[in-house]
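A quick write-up on the structure given underneath.
The values are calculated or read from the model by the stated rules, or taken from the named source; none is laboratory data. Bear in mind the structure is a predicted one, so any value in this text is a computation, not a measurement. With ideal geometry, Cβ positions are generated from the backbone for all residues, glycine too; neighbour counts draw on all protein chains shown. The area values use the complete protein model at the heavy-atom level, side chains included, leaving out ligands, DNA and RNA. Shrake-Rupley method; radii C 1.70, N 1.55, O 1.52, S 1.80 Å.
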Amino acid sequence: HTNDHHGHYLKDKYGQFGMAARKTAIDQLRRNIMANGGSSLLLSGGDINTGTMESDIFDAEPDFLGMKYIGYDAMAVGNHEFDNSFDILKKQMKWAGFPFLSANIFYKGSKKRVFKPYIVKKVKGVKVGIFGLTTKDTPFKASHDDAKKLFDFISIIDAAKEIVPVLINKEKVDLVIAVTHVGHNGNATSNGDVELAKSVDGIDVIVGGHSQEIINAQVHNDTIIVQAEDWGKYVGVLDLSLGADYKVLAHTYKLQPINLKKKVGSRRVLTEKEIKQDPTLTSFFASYKFKAENIGKKTVGTLKSDLSGERKLVRSKQMPIGQFM
C-alpha cells in the first residue's frame with residue numbers, strides 16, 4: 001500500500017522514489033508472495049493530486065495512468081482529489097480504471113453516494129470486503145468550490161457502522177479492509193483511524209492516509225492500522241496469516257524504501273540496494289516531463305522575494321508566496 005502520493009510520479013532531484021522504481025519493487029514483492037504460496041492486494045490511502053507542477057498541469061493524468069499500469073486494486077478518495085472540479089475527478093476515475101472508494105460522501109441533500117462505498121474481491125479463496133472513507137473536513141480543505149456546493153460529507157463512524165454489517169452479513173466476506181483518508185488521530189472536527197477502529201467492530205485492517213506518517217501496524221480493538229508516510233517514499237507490506245475460520249492469526253509489517261537516501265557528510269547515499277526504474281514507465285513519463293519542463297521555463301514575471309513553499313514555513317507564518325497568490 002501507499003498513500004498521499006501528491007503528484008510524485010517522477011523521481012526527485014536526488015533520485016529518490018518515483019513510480020517507475022515503485023513498479024519494479026511491487027513486481028518483485030508480488031513474485032516473492034506468489035513463490036511463498038500467498039496472494040496480494042495493492043491499495044492506496046488517497047491524495048494522488050496536488051504537490052508537483054509536473055503532475056498538476058496535467059490534472060494528475062500521468063499519476064493515475066501509472067497507478068493503472070502498476071495494478072492498484074482500489075484507493076480511498078482523498079480531500080485533495082477535490083482540488084479540481086468534479087468533471088476532472090470523473091475523468092481521473094476513467095484514467096485509473098480501478099475503484100475510487102468512499103462510503104461517506106453523498107450528493108448534496110440526498111442519500112445517493114457519489115462513489116462506490118465498497119468492493120468485494122476474492123483473493124486465493126478469501127472473500128475480502130474493501131470500503132473507503134474520506135475526511136469530513138474535505139469541503140474546508142479542498143481548493144475547488146465543487147466540494148462545498150455539490151456534496152455532503154458525513155461522519156466516518158456513522159458510514160462505517162452502516163457498511164461493515166453489510167459486508168459481513170450480506171456480502172458474507174471473510175476479511176474487512178478499510179482504505180481511509182482521515183488521518184491517524186483525526187482532529188477536533190473529523191474522526192481518525194484510531195477512533196474508527198475503537199468505535200466500529202469487525203474491521204480487520206485499516207490502510208490509512210492524510211496525516212502522512214509512518215504507522216507500523218498498530219492494533220486497536222483487534223484492528224491493524226498501517227500508513228506509509230507519503231510521496232511513494234515507501235511501499236508498505238502487511239503480511240497476514242489467516243486461520244481456517246479466516247481470522248487473522250498473525251501479521252508482520254515492513255516498509256520497503258523506494259531508493260531513499262540519507263545524508264552522509266556532503267553526500268546522499270542509498271539506505272538500501274538501488275531499485276531499478278521500470279523502463280516502460282520511465283519512457284511513458286518522459287513526454288510529460290519534457291512538456292512540464294518547457295512550461296516551467298517560461299518567464300511570466302520577475303520578483304525580488306523568494307517564493308518558498310516549504311511546508312514548515314508556509315504553515316506557520318506570512319510568506320511572500322502567500323502575498324503573491
Taking the options ILE163, ILE119, name whichever one is open to solvent by less than 40 Å² (accessible area, probe 1.4 Å), touching a residue at least 40 places away in the same chain (Cβ under 8 Å) and in a strand (DSSP E or B).
ILE119
Can you name the residue in segment 41-66 that is part of a helix (DSSP H, G or I) and not acidic (Asp, Glu) and, of all such residues, is most open to solvent (accessible area, probe 1.4 Å)?
MET53
Pick from segment 263-297 the residues that are in a helix (DSSP H, G or I) and either in contact with a Ser or Thr (Cβ under 7 Å, 6 or more places away or on another chain) or of a type in the set (Phe, Trp, Tyr) (or both): which of them is most open to solvent (accessible area, probe 1.4 Å)?
PHE290
Hey, any hits in segment 24-33 for a residue that's touching a residue at least 24 places away in the same chain (Cβ under 8 Å), open to solvent by less than 20 Å² (accessible area, probe 1.4 Å), within 20 Å of PRO257 (Cβ to Cβ) and not basic (Lys, Arg)?
yes
Since SER102 meets every condition but one in (1) free of Cβ contacts under 8 Å to residues at least 24 places away in the same chain; (2) within 19 Å of ILE203 (Cα to Cα), which condition does it not meet?
(1)
Could you figure out which of (1) assigned to a helix (DSSP H, G or I); (2) touching a residue at least 12 places away in the same chain (Cβ under 8 Å) isn't true of ASN169?
(2)
Mind listing whichever residues of segment 257-277 are in contact with a strand residue (DSSP E or B) (Cβ under 6 Å, 6 or more places away or on another chain), within 18 Å of GLY236 (Cα to Cα) and of a type in the set (D, E, K, R)?
LYS261, GLU272
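Which residue out of GLY109, GLY183, GLY125 is in contact (Cβ under 8 Å) with a residue 24 or more places away in the chain, open to solvent by 20 Å² or more (accessible area, probe 1.4 Å) and on the phi > 0 side of the Ramachandran plot?
One residue alone meets the criteria, GLY109.
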Complete set of residues in segment 197-213 that are open to solvent by 40 Å² or more (accessible area, probe 1.4 Å), assigned to a helix (DSSP H, G or I) and touching a His at 6+ places or on another chain (Cβ under 9 Å):
LYS198
What pairs come out if I take residues in segment 129-142 that are closer than 15 Å to ASP4 by Cα and pair them with residues that are open to solvent by less than 20 Å² (accessible area, probe 1.4 Å) and modelled with pLDDT under 95 whose C-beta lies under 8 Å away, six or more apart or interchain?
THR135/SER190
In the list TYR69, TYR9, which residue meets the criterion of being part of a helix (DSSP H, G or I) and either among the aromatic types (Phe, Trp, Tyr) or under 27 Å from SER190 (Cα atoms) (or both)?
TYR69
Is there a residue being closer than 30 Å to GLY243 by Cβ and of a type outside the set (Asp, Glu) anywhere in segment 56-69?
no
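Would you mind stating whether VAL194 is at pLDDT 95 or above and not in a strand (DSSP E or B)? Explain how you work it out, then say what you get.
Working: at pLDDT 95 or above: yes; not in a strand (DSSP E or B): yes.
So VAL194 passes the test.
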